[in-house]
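Right, one structure below, let's go through it.
The values are calculated or read from the model by the stated rules, or taken from the named source; none is laboratory data. Source: prediction; values computed, not measured. With ideal geometry, Cβ positions are generated from the backbone for all residues, glycine too; neighbour counts draw on all protein chains shown. Remember, those area values only see protein heavy atoms, side chains included, never the ligands or the DNA or RNA. Shrake-Rupley method; radii C 1.70, N 1.55, O 1.52, S 1.80 Å.
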Amino acid sequence: MASVALQNLVKFYGKTQVLHGIDLTVADGEFIVLVGPSGCGKSTSLRIISGLEGATSGDVMIGERVVNNLEPKERDIAMVFQNYAIYPHMSVRRNIGFGLRTAKMSKADKTARVDEVARILSMTELLDRKPDQLSGGQRQRVAIGRAMVRDPAVFLFDEPLSNLDAQLRTQMRLEIKKLHQRVGNTIIFVTHDQVEAMTMADRIVIMKEGRIQQVGTPQEVFHLPANLFVARFIGAPEMNILKGHWRDGLVFLDGVAPFKSDVSSLLKSQPVLVGVRPDHLTVGGESPLFAGTVNVLEPLGSETLVYVTVNGTEVIAKASGRAPPAVGDVVSLSASAEDMHLFDETSGQRIT
Amino acid sequence: MAAGQSIKPVSDALLEVKRPPVPRSYGQYIRWLLLFSGGVLMVMPIAYMLSASFKYPFELYNLNLIPEEPTIENYTYVLEDGRFYQWFINSMVIAVITTISNVLFDSLVGYTLCKFRFPGRMFVFIAILSTLMIPTEMLIIPWYLMSKSFGWLDSYWGIMFPGLMTAFGTFLMKQFFETVPDDFIEAARIDGLNELQIWWTVAMPLVKPALAALAIFVFLGNWTAFIWPLIVTNDQSLYTLPIGLTTFSVEQQVEWELIMTGAALATIPTLIVFLIFQRYIIRGVVMAGLKG
Ligand SMILES: Nc1ncnc2c1ncn2[C@@H]1O[C@H](COP(=O)(O)OP(=O)(O)OP(=O)(O)O)[C@@H](O)[C@H]1O
Ligand SMILES: [Mg+2]
């Protein structure tokens, strides 16, 4: 088991810069999820940690060692790939045991180790099958087993669940999380699915265009997004963003009574963007912010998403599942001050 | 039985389903005719070879396929002639070594060209490809001069060296390795295999169909090779089977029935090779380990 540290990682492919100085410290035993839109450099970062790819500059540390010049096999890591990459010509047992080929262990110990991993993943009956006799979820489990068998210091996962259907994905998500609680190895997990990130991570790293936008616990990135990008990326449906103006401790939104905001760092009067999540914008409530007309309803069962036009802008709010408003109703929407986020209009950074 | 009874009408109904009649146009007949004559053209020489090998010389120039007086004397003669075994062994050794060498080295080079990025890669690849454009006949003189100055005339090595690796095989293998996903190779790299082990334990099993095809091509090509072995050998004991068979013709007269017998015997190993390897060709295995 080991911590992982990335120090000012820069990666160029030819002339295009893919990583612009990544700094990240992962604690020993931590479950870190790298998340971001396609092409933001998640896989590249992971491959640099694994040693499959070299960084243009910067350091990778695993444990106490700088591993920049070490081969993947010398780094004490294991990786699970998006399309499993289990060998079709080998049985499950050989696939799982593959990582032990070069280990200095007796044959009996190796067999025992494979059996133990198979038991943990409840695959004991499948050990003699070939990959083409397995379902997608089982194949992915074999791939995880192959990574586990060496008991590496760090597990690297590159979108391991994205080829599974939604139901299986939810199930495997939980399994991996339980596995982590059980074995306790450091995990760095790449996904572009923010739900996966939120549900699995100890801390989430949100990336965009080769730069880290924010590192924080699921609570932090949800409740205190560092900038507009994070605010929009995390949480579904997306955060409502409204144009406003800050002056003397009050936020003015178009056509809405000003509300108090004790943001201390703002000195002068300036335009701001106001963000509020649909989850925090409720229909009715004691301190209504603004009112609007209901356009569309999306019942989700326990609650209903309400699309409301406020002054020409459409916002999404939540109403109860049992007694939602009707389309065409004029409703008032309320949110508490702590759930209102202010962002700088030009830089998109959070104003605190 | 009651259940059987009740099922019967259903299956009857199924059997009675009439296939729509295949529309038969003149074009269709012409196509069949062409294919049929093509088939006859290809099978005729083989049939004639087999039939001639069971004939006495007097009957040889009759084109009848069934000999009037069938005999196995030709076979006993050829098989009792010790030279036949010597040539057979020569051919076998040469074809087997060349096949193994091609399967190993063509795929090693093909793999390297396919999966590694290094300066000069394209240059090497194009250089290999360009040798495909030079006809073998043009190479025979340089090969001969080379063999002569290295003292390789009249040796197994002299017969084999031009074919130990082929540009075609390298190209074929490179193209097939393109179908092996990089994830497999990277996974093995992380599992701690060195590059040679990855090639052998991961990449090679995934291109078995291509290897089998290559093995068949190379084996057949070398088994039937004529011009180069003829030129490079003088010593009868180093003749390969095709060269040796022609010596049945030079003694007093052309003894076609013996040549045909030898040729018939010579096809047996090629049949065996084909039967062994063709089943690998049919199975494509690469995709099964990826997402399904
Ligand atoms: N071998 C390569 N050569 C050139 N550019 C590359 C190479 N590999 C990746 N890139 C580029 O680097 C950028 C980051 O790629 P990366 O694979 O890290 O993205 P990602 O975040 O994993 O995206 P995804 O969610 O689609 O997997 C992309 O713009 C990609 O086009
Ligand atoms: Mg990726």
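Out of the residues in segment A:83-100 that are small (G, A, S) and in contact (Cβ under 8 Å) with a residue 40 or more places away in the chain, which is farthest from the other protein chains (Cβ to nearest Cβ)? Of everything passing the filter in segment A:83-100, A:G97 is farthest from the other protein chains (Cβ to nearest Cβ). Across segment A:172-223, the qualifying residues are those that are farther than 18 Å from A:A153 by Cβ and among the hydroxyl-bearing types (S, T, Y), and the one among them that is nearest to ligand 1 (Cβ to nearest atom) is A:T191. Whenever a residue of segment B:74-94 is more than 25 Å from B:A215 (Cα to Cα) and open to solvent by 30 Å² or more (accessible area, probe 1.4 Å), its partners that are not β-branched (V, I, T) and not in a helix (DSSP H, G or I), lying with C-beta atoms within less than 9 angstrom and at least six residues away or across chains, give the pairs B:Y75/B:F54; B:R83/B:Y239.
Of the helices (runs of 4 or more DSSP H) lying entirely inside segment B:129-220, those containing at least 3 residues that are at pLDDT 90 or above and farther than 15 Å from B:G110 by Cα are B:136-150, B:156-160, B:182-190. Out of curiosity, is A:T217 touching a residue at least 24 places away in the same chain (Cβ under 8 Å) and polar (S, T, N, Q)? It is false that A:T217 is touching a residue at least 24 places away in the same chain (Cβ under 8 Å) and polar (S, T, N, Q).
Taking the stated definitions as given, is A:L46 within 12 Å of chain B (Cβ to nearest Cβ), at pLDDT 95 or above and within 15 Å of ligand 1 (Cβ to nearest atom)? Yes: the conditions hold for A:L46.
Residues A:V283, A:V296: which one is crowded, with 21+ Cβ neighbours inside 10 Å and hydrophobic (A, V, I, L, M, F, W, C)?
Numbers: A:V296 fails: crowded, with 21+ Cβ neighbours inside 10 Å.
It is A:V283.
Within segment A:163-205, which residues are within 13 Å of the chain's Cα centre (by Cα) and within 16 Å of ligand 2 (Cβ to nearest atom)? Hits for segment A:163-205 are A:I188, A:F189, A:V190, A:T191, A:H192, A:D193, A:Q194, A:E196, A:A197, A:V205.
Just so you know, in segment A:149-158 the residues that are open to solvent by 10 Å² or more (accessible area, probe 1.4 Å) and over 18 Å from A:K42 (Cβ atoms) include one that is farthest from ligand 2 (Cβ to nearest atom), and it is A:D151.
Every test in (1) of a type outside the set (S, T, Y); (2) in contact (Cβ under 8 Å) with a residue 60 or more places away in the chain; (3) within 16 Å of ligand 1 (Cβ to nearest atom); (4) surrounded by 23 or more Cβ atoms within 10 Å (Cβ to Cβ) is passed by A:G21 save one, and that test is (4). Checking the stated criteria, A:A103 turns out to be surrounded by fewer than 19 Cβ atoms within 10 Å (Cβ to Cβ) and within 14 Å of chain B (Cβ to nearest Cβ).
For segment A:68-97, a residue qualifies if it is modelled with pLDDT of 90 or more, touching a Ser or Thr at 6+ places or on another chain (Cβ under 9 Å) and within 16 Å of ligand 2 (Cβ to nearest atom), and exactly one does: A:M79.
Of all residues in segment A:29-54, none satisfies the criterion of being more than 19 Å from the chain's Cα centre (by Cα) and under 20 Å from A:P218 (Cα atoms).
Counting residues in segment B:160-177 that are of a type outside the set (A, V, I, L, M, F, W, C), at the interface with another protein chain (Cβ under 9 Å from one of its Cβ atoms) and under 20 Å from A:P88 (Cα atoms) gives zero.
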